[in-house]
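Single-structure report; data block below.
The values are calculated or read from the model by the stated rules, or taken from the named source; none is laboratory data. Just so we're clear, the structure is a prediction, and the values are computed from it rather than from any experiment. Cβ coordinates were reconstructed from backbone atoms using ideal geometry, including for glycine residues, and neighbour counts include every protein chain displayed. These accessible areas exclude ligands, DNA and RNA; they are computed on the full protein's heavy atoms, side chains included. Shrake-Rupley method; radii C 1.70, N 1.55, O 1.52, S 1.80 Å.
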Protein chains: 2
Amino acid sequence: MKTRDKIILASLELFNERGERNVTTNHIAAHLAISPGNLYYHFRNKSDIIYEIFLEYEKLVDYYLDIPEDRAMTAEDMMFYLESVFDGLWSYRFFHRDLEYLLDSDPRLRQDYREFTNRCLKAINRIFEKLAEAGIIEAQPEDLRTAMSLNVWLVVTNWMAFLKTAHAEETYANLTINELKQGIYQVLTLEVPYLTSGYRDRVLALREKYRPTLPDRNESETSG
Amino acid sequence: MKTRDKIILASLELFNERGERNVTTNHIAAHLAISPGNLYYHFRNKSDIIYEIFLEYEKLVDYYLDIPEDRAMTAEDMMFYLESVFDGLWSYRFFHRDLEYLLDSDPRLRQDYREFTNRCLKAINRIFEKLAEAGIIEAQPEDLRTAMSLNVWLVVTNWMAFLKTAHAEETYANLTINELKQGIYQVLTLEVPYLTSGYRDRVLALREKYRPTLPDRNESETSG
DNA sequence: GACTGGCTAGAGTATATACTCTAATAATAC
DNA sequence: GTATTATTAGAGTATATACTCTAGCCAGTC
């Protein structure tokens, strides 16, 4: 594997494990047993590494959210979208953690991320439309659908942050992809009131599989 | 005003403006025209300043979310809760930005914040209960109510982050409290499907007042 | 006036961090 | 082979940051 690719891979790994803020370029080089000079031969700066990682992330999610227009949507499709998106979130989980700082440090990233968000919102919107066409959820006016899509985006992209703050101990290390996917339960919660009678039980059953076993909720929960 | 209080105030101001990560203790001291030594006489470290600010924030929100149990809830009450909470978010807006890093650096803060979150979730839950008792929304099983409350929390606490990423330019400076309050529209969107026929139009009208005029959604709206 | 204790100044320190520079080595072209 | 280019090492730099240390000021008290 080329050094350049190794740098990207190691950076992603370290960022995910420790958070971007806690990983320096020297750490990355040390982790790979290469010199800082070598790293800076391949990347002009730290931002450039992050930008490359973003491009990969973007590509992955764009691929996941490519919605086929030649056929109706099924409940399985919907679940597959959710699973895929949460897989993506997991693989690039450092990204949403320090998002605001990252965007402040790189205008190019800010611009790209903004367009990326808009594409995702459109895709979510389209999924809702097709779910309605397929009779899985009730059709809703465009206004409402757009606002719903935005809420889905907010829940999806911030569920992980919530989980980490809800953990009692240092949580960066011990978060698992299974816990993360409990966010699917929360997303489906948004759909619940719109489900058609024909699909209601079906989707509720699917949703049930992701019911959160919330992290040490018990510890201070004795009141109530 | 005592130096200690001035430090807290100036820190909050600078954190909100520039983000905690971009504000050093030396900046704070310089801003107040006091010496670093003076600052460190009053606070053992930066974390302690942040913790003090959190305590204020916590107190404020706890006060806002104190739900009177001696009377029924009105739609106005609900709106007042929303307005208040978003005011609080605005005043301490730096906090949710670097939340994860802050919690990682201070176990005491992590623990307190976790309990704070649980209290807020319970309050939201109770608000939904009382809205149902008042006939404003349909009553829902506890499970669903809890999941809904969590979604409300996610939307409330992350709406600001979304706004900032949606902005095209450097956004930390030019975000306004009015834009922030458009998050109320998103929260009410979550309630829409549960509104009773008696209150539906009423609440939809209230919601309409907060409809987002989303920041340069179409590429570059001339800012002026 | 002398003493005390809270408060403050400001120079200074240890460490970290992003990044540079030069020279050496490996790979490739001719 | 030689010349050229791509890659790498590793010491080094400029700057920043959280925090310390010492000495002095000032308000109140005896």
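Backbone geometry of segment A:193-207 corresponds, through the Karplus equation with coefficients 6.51, -1.76 and 1.60 at θ = phi - 60°, to 3J(HN,Hα) couplings of x, 9, 5, 6, 4, x, 10, 3, 4, 4, 5, 4, 5, 4, 4 Hz, x marking Gly and Pro. Ligands, DNA and RNA left out, the 1.4 Å accessible surface of segment B:46-208 is 53% carbon and sulfur atoms. Roughly how large is the A-B contact in terms of buried accessible area, totalled over both chains, probe 1.4 Å, nearest 100 Å²? The A and B chains share an interface burying roughly 4900 Å².
What number comes out for accessible area per residue over the protein assembly as shown if the probe is 1.4 Å? Units Å², please.
Values: 19930 Å² over 448 residues.
Each residue of the protein assembly as shown exposes 44 Å² on average to a 1.4 Å probe.
Take A:P36, move 7 Å from Cα toward the beta carbon, and the resulting point lies 2.1 nm from the same point in each other copy, nearest first.
Accessible area ranking (1.4 Å probe, heavy atoms, ligands and nucleic acids excluded), largest first, for B:L89, B:L206: B:L206, B:L89.
Using the alpha-carbon atoms, what tilt in degrees (0 to 90, nearest 10) does helix B:142-166 show relative to the longest principal axis of chain B? So the inclination is approximately 50 degrees. Ordering B:H42, B:H31 by accessible surface, largest first, gives B:H31, B:H42; the 1.4 Å probe counts only protein heavy atoms, with every chain in place. For B:S197, the distances from its label point to the matching points in the remaining copies are 1.6 nm, ordered from shortest, with each point set 7 Å beyond Cα toward Cβ.
Phi angles across segment A:112-117 convert, under the Karplus curve 6.51 cos²θ - 1.76 cosθ + 1.60 with θ = phi - 60°, into 3J(HN,Hα) values of 4, 5, 4, 5, 4, 4 Hz, Gly and Pro given as x. Partners of B:K59 within straight-line reach, counting aspartates and glutamates whose Cα lies under 17 Å from its Cα and excluding those fewer than 8 residues away in the same chain: B:D5, B:D48, B:E83, B:D87, B:D112, B:E115. Solvent-accessible surface, computed for protein heavy atoms with a probe of 1.4 Å, shrinks by 10 Å² or more for the following residues of segment B:180-197 when the other protein chains are added to the isolated chain: B:Y185, B:Q186, B:T189, B:L190, B:V192, B:P193, B:Y194. Note on B:E56: accessible area approximately 80 square angstrom, rounded to 10, probe 1.4 Å, nucleic acids and ligands left out.
Our summary gives segment A:106-186 a relative contact order of 23 percent, counting only alpha carbon pairs under 8 angstrom and 6 or more residues apart.
A simple rule links phi to the HN-Hα coupling: the Karplus curve 6.51 cos²θ - 1.76 cosθ + 1.60 with θ = phi - 60°, which for segment B:85-94 gives 4, 5, 4, x, 4, 5, 5, 10, 5, 5 Hz, with x for Gly and Pro.
For A:I137, the amide hydrogen comes within under 5 Å of the amide hydrogens of A:A132, A:T196, counting only partners 5 or more places away or on other chains and with H modelled in the peptide plane.
Centroid-to-centroid, using Cα positions, segment A:16-44 and segment B:1-51 are 32 Å apart.
When both segment A:63-129 and segment B:101-144 are represented by their alpha-carbon centers, they are found 27 Å apart. Inter-copy label distances at B:D70, using a point 7 Å along Cα-to-Cβ, come to 6.9 nm with the shortest given first.
The solvent-accessible area of A:S197, taken with every protein chain present and a 1.4 Å probe, is close to 110 Å². With a ≥ b ≥ c taken as the square roots of the eigenvalues of the C-alpha gyration tensor of the protein assembly as shown, please select rounded if a/c is under 1.5 and otherwise prolate if a/b is larger than b/c or oblate if it is not? It is oblate, given that a/c is not under 1.5 and a/b is not larger than b/c. Applying a threshold of 28 Å to the alpha-carbon distances of B:K2/B:K181; A:K6/A:K209; A:K130/A:K181; A:K181/B:K164; A:K46/B:K181; B:K46/B:K164 flags B:K2/B:K181; A:K6/A:K209; A:K46/B:K181 as lying beyond it.
Only Cα pairs under 8 Å and 6+ residues apart enter the sum, and on that basis the relative contact order of segment B:1-43 stands at 42 percent. Provide the net charge surrounding B:F43, with neighbours chosen by a C-beta distance below 9 Å and charges set as Lys +1, Arg +1, Asp -1, Glu -1. Cβ neighbours under 9 Å give a net charge of +1.
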